[in-house]
Amino acid sequence: MSQDGNDGGYNAGIAVFSYIVGGIIVWSLIGWGLDNLWGTRWIVLAGALLGAAGGFYLSHMHGLTSQRIPTGREGAAGGPSKDAEQ
């Protein structure tokens, strides 16, 4: 983690990961239960895909998937590094 406490990118990445993985786990378990109830074998896969899509959707709606450039600093879009000029 950074020394100045600015670890928003790390936290956003962990949040996106947990939304997607959590969605996959929850909806796969729901699909597994429905598969056992109805005697099918494909609903667990549909549940996993639905969970992944739902997790990404939640991440996007919470603004975690947008690229942000911190104010007051040059980001990657600011051009080449100034280190080579020294």
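A few comments on the model shown:
- Computed label-point distance, nm, for sites L45 and W32 using a 7 Å Cα→Cβ extension: 1.7
- Relative to the current alpha-carbon distance between H62 and I14, full extension at 0.36 nm per residue lengthens the span by 16.0 nm.
- With θ taken as phi - 60° and the Karplus curve 6.51 cos²θ - 1.76 cosθ + 1.60 applied, the whole-hertz 3J(HN,Hα) list for region 15-30 is 5, 4, 4, 5, 4, 5, 5, x, x, 4, 5, 5, 6, 5, 5, 4 Hz, x standing for glycine and proline.
Values in this text are rule-based calculations from the coordinates and carry no lab data. Because the structure is a prediction, the values reported are computed rather than measured. Cβ sites come from the backbone with ideal geometry, for glycine too, and all protein chains shown count toward neighbours.
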